[in-house]
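Student: Once you've had a glance at the structure underneath, I'll fire off some questions.
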Amino acid sequence: MAKILHKEQLSENVVLMKLDAPLIAEERKAGQFIILQVDDDYGERIPLTIADGNKEEGTITIIFQIVGKTTDELSRMNVGEDVPVLVGPLGKPTHIENFGRVVCVGGGIGVAPLHPIAQALKQAGNEVITIIGARNKELVILEEEMKSIADEFIVCTDDGSYGRKALVTQPLKEVCEREKKPDMVIAIGPPIMMKFCAETTRPYKVFTQVSLNTIMVDGTGMCGGCRVNVGNEIKFVCVDGPEFDAHLVDFDNMIARLNSFKEIEHEKHHCYIDKLAEEKIAGGIK
Amino acid sequence: MSHLNANVLLEEAENLYNDILPRINELKVKDRIKIPVMEMPTQEPEIRIQNLDEVAIGYTEKQAIVEANRCIQCPTQECVSDCPVGINVPVFINHIAHSNFQLAIDTIKETSLLPSICGRVCPQETQCQLHCSVGKVFKSVEKSVSIGRLERFVADWERKSGGVKIPTVKPATGKKVAVVGSGPSGLVVAADVRREGHEVTIFEAFHKLGGVMRYGIPEFRLPNDIVDEEIETLKKMGVEFKTNFVVGKTRSLMDLLEKDGYDAAFVGTGAGLPIFMGIEGENLIGVFSANEYLTRANLMRAFEKMKADTPMYRSKVVAVLGGGNVAMDASRMAKRLGAEKVYVVYRRTEKEMPARVEEVAHAKEEGIEFLFLNNAKRILGDETGHVQSMELLRYELGEPDASGRRKPIVIEGSEYILEVDTVIVAIGNGSNPLISQTTKGIAVNKWGNLIVDENQKTSIDRIYAGGDIVLGAATVILAMGEGRKAAKSINQLLANS
């Protein structure tokens, strides 16, 4: 159980929450994630990356996008309420060292998990070039936080409503073409964005790492639902990852598998929204 | 053996009971041998495939008394030596034979802590019932005294008649023991260590307790209520439970000992790392490990489709790969979740199947189709990446291999296509690496299982281990047996320190 200490709407569908979780706050490292449930009996388990943590306060911060029933329900919980199931920190931490020049690419909600990694890379002495992107201005998150730890900062939107009108792959390509090539790229965002980041850096042979967010049940290696093909080997995102060499990941298979339950999830979410609407109407009539 | 109606079995038992009761103290061995086996009454197959309720209903008192009178109280008592925890079988059965149910359960509890669980899930035909003298008379294990059913009967009798006795706990010693995992071995360790007056905390990664008894074994074989009651007993004894706590991640094992003041630890984290076949198409949508499939249905309650948020794949035709109890559980669960056709694909014959005979029989009654001497070669998908069919190969049996079972040999060119939309892989589990990865210096074998000495101690002092993390995938009762041994060692260690 973890109490919600702070809640903030970052954009229309993106919510930040600070949770009381002293043990996780003490152990967590950049790149790791938690699993939570909004109901102890019937809730589903969803993995969310830890966006930040504070050992002294004993808190962790999660940032999530409302995409289904569980994230929708979570977004409706308020400060003072308890998230009934919270477990972590799970997954392997990001390998942090002084690589030299690193490019941190974040797309949409992916900027949230990227933030602690960029921070750690900066602290390790790297030159950090940060590229963040979103569909439009409204969806750009953590701009100030990312900017403050970047040696060079590029923001772009798909529709040009803020920053450069570009996909993140364009500035990424330009950085790769510079005389001094990056030593490492880390890209976190929607699967399709990570796939194209991998394709962008491949010709330049720049080591590129991605953080995968697949379907999981337990998060400890027990179910195998999160499995991905990495270099023609089956890897479990929960215990072998979540970070992998982007040039070895079979993104097409991963993207297909993410849709395993799409139809049912969609139905469940809509049932939930309908129920909420009915309750609202019933409440109004009273 | 086909399904027998519960009422018919009951009537038969009543008649036999009325027949033997007047002369119960004069029964000779030859009279006892003549009493037929009391079959386990079960739910009708067409009804039970629509619910999650327990398939086996359990004996009535009369059925239990009749069955108990089949025991000839032979002097060899191989049932005792064949039991991993050495239950005094003839004594407890004799008590049942004379309607002394309380004495019967007290006898079992001298050595076994969780009889209502063992009575349900132990593979009795390969343990206590294997060398039963009565079975030997008929040269058939199936004719052995039904020890497991009798164990279950008295355990249930105790639960229903005023509840389970709470074991006494000795005065507090001030020592603390951490138990990692709330599965069968962990629960046994907790009980045995707590009884000596030590504080015990059980750490569980999931939000619910019971380990494999919760996420793996379905309710139709082992109802959650029974697991809950055993856990309740431990709570009443003062055992503390911490759920949502992954030792190795939330806190390292060494930190529990060095920073948090635990004097000893027991690792009972189970097998829990599903093995896949390594064949083409295994990552298609609609291919699941049995662990995932069963965890969704059991732990996450996906069987209750309207209530649970965890989705369950909608299957029409399912193939389960493997021949163990987990394969039986997965196939029978698929049927209950609405699959029209469920195949079990096993590359040897029925005789070599590791699953319990009873589970195989129940599966057959429920309409599961067995494809023996078959194995998957590859799984084929449609253009959207969903499973569409499977290519199978036929096998024949050759010479015995290292396991003593005849080795299956591929029949070249025997490939054929079977249309399926779901494939469940139930070929076993590797060892979960969480503890070994995060505990410096803990010794593991080449399969990643923790290495322990004859006292269940690992290579690190004060850390003990047992169950599947040591044995590889085994059974509930073997895990409990290891737990007992480990608890004894821990109690000795703490008494001497």
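The values are calculated or read from the model by the stated rules, or taken from the named source; none is laboratory data. Keep in mind it's a predicted model, so treat the numbers as computed, not measured. Glycine gets a Cβ as well: all are built from the backbone with ideal geometry, and neighbour counts include every protein chain shown.
Student: Take the residues of the stretch A:1-12 that are charged (D, E, K, R) and touching a residue at least 60 places away in the same chain (Cβ under 8 Å): which is surrounded by the fewest Cβ atoms within 10 Å (Cβ to Cβ)?
Tutor: A:12
Student: Every residue in the stretch A:241-253 that is more than 15 Å from the chain's Cα centre (by Cα) and more than 9 Å from every other protein chain (Cβ to nearest Cβ), please.
Tutor: Those that are more than 15 Å from the chain's Cα centre (by Cα) and more than 9 Å from every other protein chain (Cβ to nearest Cβ): A:245, A:246, A:247, A:248, A:249, A:251.
Student: Now for a different question. What number of residues within the stretch B:358-388 are small (Gly, Ala, Ser) and assigned to a strand (DSSP E or B)?
Tutor: 2
Student: Right, something else. When residues of the stretch A:180-232 are filtered for being surrounded by fewer than 24 Cβ atoms within 10 Å (Cβ to Cβ), in a strand (DSSP E or B) and within 14 Å of another protein chain (Cβ to nearest Cβ), how many remain?
Tutor: Number of matching residues: 3.
Student: Additional query: Does any residue of the stretch B:186-195 turn out to be assigned to a loop (DSSP other than H, G, I, E, B), buried (at least 23 other Cβ atoms within 10 Å of the Cβ), at negative phi and not acidic (Asp, Glu)?
Tutor: No, that holds for no residue.
Student: For residue A:81, state whether it is in contact (Cβ under 8 Å) with a residue 24 or more places away in the chain, out of contact with any helix residue (DSSP H, G or I) (no Cβ under 8 Å at 6 or more places or on another chain) and not hydrophobic (A, V, I, L, M, F, W, C).
Tutor: Here the answer is yes, as residue A:81 does meet what is asked.
Student: For the stretch A:13-37, what are the residues that are within 22 Å of residue A:237 (Cβ to Cβ), within 14 Å of chain B (Cβ to nearest Cβ) and crowded, with 22+ Cβ neighbours inside 10 Å?
Tutor: The answer is A:21, A:24, A:28, A:31, A:32, A:33, A:34, A:35, A:36, A:37.
Student: Could you say whether any residue in the stretch B:323-333 is touching a strand residue (DSSP E or B) at 6+ places or on another chain (Cβ under 9 Å) and either within 14 Å of chain A (Cβ to nearest Cβ) or modelled with pLDDT under 90 (or both)?
Tutor: The answer is yes, given that some residue of the stretch B:323-333 is touching a strand residue (DSSP E or B) at 6+ places or on another chain (Cβ under 9 Å) and either within 14 Å of chain A (Cβ to nearest Cβ) or modelled with pLDDT under 90 (or both).
Student: Right, here's the next one. Take the residues of the stretch B:254-281 that are in contact with a strand residue (DSSP E or B) (Cβ under 6 Å, 6 or more places away or on another chain) and of a type in the set (D, E, K, R): which is farthest from residue B:190 (Cα to Cα)?
Tutor: My answer is B:280.
Student: Take residue A:43 and decide whether it is surrounded by fewer than 22 Cβ atoms within 10 Å (Cβ to Cβ), more than 18 Å from the chain's Cα centre (by Cα) and not aromatic (Phe, Trp, Tyr).
Tutor: No.
Student: Find the strands (runs of 3 or more DSSP E) located wholly in the stretch A:51-120 whose residues include 1 or more that are within 14 Å of chain B (Cβ to nearest Cβ), and list them.
Tutor: Correct list: A:59-65, A:85-90.
Student: Let me ask you something else. Consider the stretch A:122-138. How many of its residues are more than 18 Å from the chain's Cα centre (by Cα), outside any loop (DSSP other than H, G, I, E, B) and of a type in the set (A, V, I, L, M)?
Tutor: The total comes to 2.
Student: Test of understanding: among B:364, B:351, B:377, which residue is farther than 27 Å from residue B:285 by Cα, modelled with pLDDT of 95 or more and not hydrophobic (A, V, I, L, M, F, W, C)?
Tutor: Exactly one residue qualifies, and that residue is B:364.
Student: Residues that are modelled with pLDDT of 95 or more, surrounded by fewer than 13 Cβ atoms within 10 Å (Cβ to Cβ) and not assigned by TED's automatic domain parsing to the domain that holds residue B:111, at least 2 per element: which strands (runs of 3 or more DSSP E) completely within the stretch B:389-497 meet that?
Tutor: B:416-419
Student: Go through the stretch A:11-50 and give me each residue that's modelled with pLDDT under 95, hydrophobic (A, V, I, L, M, F, W, C) and part of a loop (DSSP other than H, G, I, E, B).
Tutor: A:30
Student: Quick check: is even one residue across the stretch B:343-360 within 25 Å of residue A:265 (Cα to Cα) and in contact (Cβ under 8 Å) with a residue 24 or more places away in the chain?
Tutor: Scanning the stretch B:343-360, I find no residue that is within 25 Å of residue A:265 (Cα to Cα) and in contact (Cβ under 8 Å) with a residue 24 or more places away in the chain, so the answer is no.
Student: I've got another one for you. Restricting attention to the stretch A:139-172, which residues are part of a helix (DSSP H, G or I) and surrounded by 15 or more Cβ atoms within 10 Å (Cβ to Cβ)?
Tutor: Hits for the stretch A:139-172 are A:139, A:143, A:145, A:146, A:169, A:170, A:171, A:172.
Student: Between B:292, B:304, which is surrounded by fewer than 22 Cβ atoms within 10 Å (Cβ to Cβ) and either at pLDDT below 95 or within 14 Å of chain A (Cβ to nearest Cβ) (or both)?
Tutor: The match here is B:304.
Student: On the given criteria, is residue B:280 surrounded by fewer than 22 Cβ atoms within 10 Å (Cβ to Cβ), closer than 22 Å to residue B:167 by Cβ and out of contact with any Phe, Trp or Tyr (no Cβ under 9 Å at 6 or more places or on another chain)?
Tutor: no
Student: Let me ask something additional. Can you name every residue in the stretch B:250-289 that is over 30 Å from residue B:380 (Cα atoms), within 10 Å of chain A (Cβ to nearest Cβ) and in a loop (DSSP other than H, G, I, E, B)?
Tutor: B:250, B:252, B:269, B:270
Student: Sticking with this structure for a sec: Give me the pairs, please: first residue somewhere in the stretch A:210-237 and assigned by TED's automatic domain parsing to the domain that holds residue A:194 and more than 17 Å from residue A:35 (Cα to Cα), second residue anywhere and at pLDDT 90 or above and of a type in the set (Asp, Glu), beta-carbon distance under 6 Å, and either six or more positions apart or on two chains.
Tutor: Sorted first by the residue in the stretch A:210-237, then by its partner, the pairs are A:229/A:250.
Student: Could you tell me which of the residues B:318, B:239, B:247, B:227 is at negative phi, of a type in the set (Val, Ile, Thr) and within 14 Å of chain A (Cβ to nearest Cβ)?
Tutor: Exactly one residue qualifies, and that residue is B:247.
Student: Here's something else I'd like to know. Using beta carbons and a limit of 6 Å, which pairs, at least six apart or on different chains, have the first residue in the stretch B:145-173 and farther than 19 Å from residue B:86 by Cα and small (Gly, Ala, Ser) and the second one in a loop (DSSP other than H, G, I, E, B) and modelled with pLDDT of 90 or more?
Tutor: B:172/B:197
Student: How many of the residues making up the stretch B:155-179 are under 19 Å from the mean Cα position of the chain (by Cα) and buried (at least 21 other Cβ atoms within 10 Å of the Cβ)?
Tutor: 1
Student: When you check residue B:214 against the structure, is it surrounded by fewer than 24 Cβ atoms within 10 Å (Cβ to Cβ) and either more than 27 Å from residue A:238 (Cα to Cα) or assigned by TED's automatic domain parsing to the domain that holds residue B:51 (or both), yes or no?
Tutor: Considered against the rule, which asks whether it is surrounded by fewer than 24 Cβ atoms within 10 Å (Cβ to Cβ) and either more than 27 Å from residue A:238 (Cα to Cα) or assigned by TED's automatic domain parsing to the domain that holds residue B:51 (or both), residue B:214 comes out as no.
Student: Could you please give the count of residues in the stretch B:70-110 that are assigned to a loop (DSSP other than H, G, I, E, B) and either in contact (Cβ under 8 Å) with a residue 40 or more places away in the chain or under 24 Å from residue B:30 (Cβ atoms) (or both)?
Tutor: Counting residues in the stretch B:70-110 that are assigned to a loop (DSSP other than H, G, I, E, B) and either in contact (Cβ under 8 Å) with a residue 40 or more places away in the chain or under 24 Å from residue B:30 (Cβ atoms) (or both) gives 15.
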